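The values are calculated or read from the model by the stated rules, or taken from the named source; none is laboratory data. Predicted, not measured: the structure shown is a model, and the values here were computed from it. Cβ: placed from backbone, ideal geometry, glycine included. Neighbour counts: every protein chain shown. Accessible surface areas use protein heavy atoms only, side chains included; no ligands, DNA or RNA. Shrake-Rupley method; radii C 1.70, N 1.55, O 1.52, S 1.80 Å.
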Amino acid sequence: MKLVLLTALGVGGATVFGAIIGFLFKKASHKFNDIILSFAAGVMLSASVIGLILPSLEHGSGKFSLVVTIAGVFVGAICVNLIDKLVPHLHRLTGTDQETHPKQNEQLNKVLLFVIAIAIHNLPEGIAAGVSFGTGNASAALTVAGGIALQNIPEGMVIIGPMLSSGISPKRTFLIAMLTGIVEVFGTLLGFFAVSISTAILPFALAFAGGTMLYVISDEMIPETHAHGSESGATYSLLAGFCLMLVFDILLG
């Protein structure tokens, strides 16, 4: 339990660490943000497949293990999709979503809705980190959690500049970034306790967590990083993040 708690704090703290770096690069270009977010997407992609979905198949029993894994992936994706629809937020800060707020507050409201989107997606990432401990393989769980923490750093970075430029004070900006990290701490503990109650749900829970991450990558991160003319660099950055996690998996496996 101590290891899980430390991992939860580490995963959430990575967002805060990224936010601190974000204060140093608050005027970063779209190209820079696209490159680092694509790297994060590659890390997430590798962690979701190698650290969650494949272990779901390994821990399944009988001929229905594949069905359970596939069902878990789709249910996880559908749940994030439903949250997207039910909770007001913006998918992209530069998107075409129209707000009804007064013009002087429009950018501020867009930024806050964008931050809500980050928080929404931090929850399933935290759950993924917690669920991975249910396999009993601490090194594999730490690989997944490490990958999630690694991709949280650029996520924390990119939310700082827009909030500062919209008029939010540095102190409040940092507090908001901390809150998005706390969501991930809560998600990690939630995922761990869920699989601790019954190991029977472990294969489904692993696939569910993997599905939530795949949805975020496909629906949010890849479209965002390909929206500003940096598609080629973003693609290679994603591959670099994916391969880095392969290296970690081999070294820690």
Original post:
If contacts are Cα pairs under 8 angstrom and at least 6 residues apart, what is the relative contact order of the stretch 114-242 in percent?
Top reply: 40
Original post:
Taking Cα pairs under 8 Å and at least six residues apart, what relative contact order does the chain come out at, in percent?
Top reply: 45
Original post:
Taking the mean number of other Cβ atoms within 10 Å as a proxy for protection, how do you rank 56-62, 239-245 from highest to lowest?
Top reply: 239-245, 56-62
**OP:** Calculate for the chain the 222 nm mean residue ellipticity that helices alone would give, adding -39,500 (n - 2.57) per DSSP H run of length 4 or more and normalising by residue count, nearest 500 deg cm²/dmol.
**Re:** -26000 deg cm²/dmol
Original post:
Rule-of-thumb check for the chain: C-alpha Rg over 2.2 N^0.38 Å?
Top reply: 0.98
Original post:
So how strong a dipole does the chain carry about its Cα centre when Lys and Arg Cβ are +1 and Asp and Glu Cβ are -1, to the nearest 20 debye?
Top reply: 460
Original post:
How much space per residue, in cubic angstrom, does the convex hull of the C-alpha atoms of the stretch 110-253 take up?
Top reply: 110
Subject >> Sorted peptide list for 6-13, 119-126, criterion being average Cβ within 10 angstrom, highest first >> reply: 119-126, 6-13
Original post:
Tell me, what % of the accessible area of the stretch 146-204 is carbon and sulfur with a 1.4 angstrom probe?
Top reply: 78
Original post:
Based on the Cα gyration tensor of the stretch 148-211, what are the three equivalent ellipsoid semi-axes, each the root of five times an eigenvalue, rounded to whole Å and given largest first?
Top reply: 33, 12, 7
